Every structure is written in C-alpha cells, then in structure tokens.
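A short worksheet on the structure shown next.
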Amino acid sequence: ASLVKSGKFRADLYYRLKIVSLKIPPLKDRHEDTELLIEHFMNNFNARYHKNISRVSKDVFEFLMSYEFPGNIRELQNIIDYAFIFCKGNEIGAEHLSPEYAQIIERKEAQAVAFRQNAMAARGGRPAAGTNDVSGGEQAASKSGHAEKRKEEDKTVARKQTIDYHATVANEGATDAPLRTTDSLVGATVALVGDAEKLQKQSIMDALLKFGGNKVAAAKYLNIDRSTLWRRMKKFGLM
C-alpha cells in the first residue's frame, strides 16, 4: 500500500492482486507458538546436520518462552541454528547459545536468586507457600483461580438482597418505612473484594517465588495468560 501511495506500484495491479489480507502478529505477541516453532526448527536442523538433538534445557526453554524476539521468527530460527552447530549431545544448553543470549540467561538466573533472597528476607526467612509445599502451592493457585468468580458472585448477592428488601417493603405497604440504601451491602462487598485481592496478590507473589521470578511459568501455574499476570502485577505494585 505504501508503494502505491508513493507511485512506485500500479494501483490497479495492487487491487487486482489484493484478494485476502492476513495480518500475522509478531512472535512476541503469541508466545503459545514459540514451543511449536522450537520443535519445528529442531526437526529441520536435525535433518540438515544429521544430528539427534531432542530437547532444550530448562533454562534455555524458559528464556525462549519469555524472550520478546525483536527479530521475530527468523531470530528464533537463527538461535536454534547456532545452537545446533555447537551442540554435540542431545540437549541444547545455555553454553550452546551465542554470547548475547547466554548472558541474558545468566542475568535472569542472578535476578531469580536475588528475588528469592529478597522474598525470604521479607518473610523473615520463611519459605513461600508452594516453594517446598506442593499442596500449599496448589491451594494458593486454586484460590486465586476462584477469586474473580467470587468477586462477581458477591456483587450479585448484594444486588439481589437489595432488590428483595425493597420488594418486601413494597408488598407490605410500608411506604413510610425508612428505605434501606445499598451502602451497607456495598461496604460488605468491597470488604470481600479486598480480601480476594489480597489473596490474589499473595498467590502471585508465591508463584513468582516458586519459579524464580519467571513470569511465563508463573502465569501457566496460576492458569492465567501472561497479559493478565502483567496487569495484576502492575495493579498490586509488583512490577
């Protein structure tokens, strides 16, 4: 379209060729495709280099799943290609990546250690729920998953109670009775919502601590998408 506007491409030919336009978002906006692309490129390079590399290490996988890929899919392809050249075993590790990416992983690991130390210090040396207690972590995640649902249910109950009260007053003909406002019910709802948000914030902190600050893994653990986790972290001042 820009070439048409600049007069470098014939408009009639452009519109003759333009039948279906597809807008594919960049890789940074569809991280759910990253794992599939890693597998695809590994299959291709195994065939090209006659190797049998079957997986990437945990730290490399977490890096690739959280990396923004300014070079889009071609950058991911080049990362895997470079690693295949230097990997002699069946697993790609951070040592097989080019220095710029290996350094990012090292920094993330250092940040994860610092995050855990700060969290432990804030808790007075006590581990977070879910760090060493699987059942505790699952309980926190489960509570977080129901927090939003409880919030809406509380609001619905408050509205229903108000409607029922006014209907009763009207049916009894008590027109001179003081009309109860929804202030008390709204106040109770706000208190419940506040408790739910405190629980939600705590579960996010526990998940981040459990996975060393890795937001992709924390979001998956909490059963929410990454953008929702970012919004909640910003809301609760965890950024």
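Within segment 40-59, work out how many residues are part of a helix (DSSP H, G or I) and either at pLDDT 95 or above or not charged (D, E, K, R) (or both).
10
For every residue, the table says whether it meets (1) within 24 Å of Glu106 (Cβ to Cβ); (2) modelled with pLDDT under 80; (3) buried (at least 20 other Cβ atoms within 10 Å of the Cβ).
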{"site": "Val193", "(1), (2), (3)": "no, yes, no"}
{"site": "Gln200", "(1), (2), (3)": "no, no, yes"}
{"site": "Ala207", "(1), (2), (3)": "yes, no, yes"}
{"site": "Lys215", "(1), (2), (3)": "yes, no, no"}
{"site": "Ala218", "(1), (2), (3)": "yes, no, yes"}
{"site": "Ser227", "(1), (2), (3)": "no, yes, no"}
{"site": "Met233", "(1), (2), (3)": "yes, no, no"}
{"site": "Gly237", "(1), (2), (3)": "no, no, no"}
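Within segment 60-78, count every residue that is in a helix (DSSP H, G or I), acidic (Asp, Glu) and surrounded by fewer than 18 Cβ atoms within 10 Å (Cβ to Cβ).
1
Does segment 68-83 include one or more residues that are among the polar types (S, T, N, Q), modelled with pLDDT of 95 or more and more than 25 Å from the chain's Cα centre (by Cα)?
Yes, segment 68-83 contains at least one residue that is among the polar types (S, T, N, Q), modelled with pLDDT of 95 or more and more than 25 Å from the chain's Cα centre (by Cα).
Quick test of your reading of the structure: Phe84 fulfils all but one of (1) over 30 Å from Asp225 (Cα atoms); (2) exposed (fewer than 12 other Cβ atoms within 10 Å of the Cβ). Name the failing condition by number.
So the condition that Phe84 fails would be (2).
Do any residues in segment 95-118 that are within 27 Å of Ile204 (Cα to Cα) have Cβ atoms under 9 Å from those of residues that are modelled with pLDDT of 95 or more and assigned to a loop (DSSP other than H, G, I, E, B), where the two are at least six apart or on different chains, and which pairs are they?
These pairs meet every condition: Ile104/Leu97; Ile105/Leu97.
Step by step: first the residues of segment 27-47, then only those that are of a type outside the set (A, V, I, L, M, F, W, C) and under 16 Å from Asn90 (Cβ atoms), then the one that is surrounded by the fewest Cβ atoms within 10 Å (Cβ to Cβ). Which residue is that?
It comes out as Asn43.
Could you please tell me which pairs satisfy a Cβ distance under 8 Å, a separation of 6+ or placement on different chains, a first residue in segment 41-55 that is in contact (Cβ under 8 Å) with a residue 12 or more places away in the chain, and a second residue that is of a type in the set (Ser, Thr, Tyr) and surrounded by 11 or more Cβ atoms within 10 Å (Cβ to Cβ)?
Final answer for the pair search is Met42/Ser54.
Quick one: how many residues across segment 124-141 are modelled with pLDDT of 50 or more and loosely packed, with under 13 Cβ neighbours inside 10 Å?
Adding up the residues that qualify gives 3.
The values are calculated or read from the model by the stated rules, or taken from the named source; none is laboratory data. These numbers come from a predicted model, not from an experiment. When we count neighbours, we look across all protein chains shown, and the Cβ atoms used for this are built from the backbone with ideal geometry, even at glycine.
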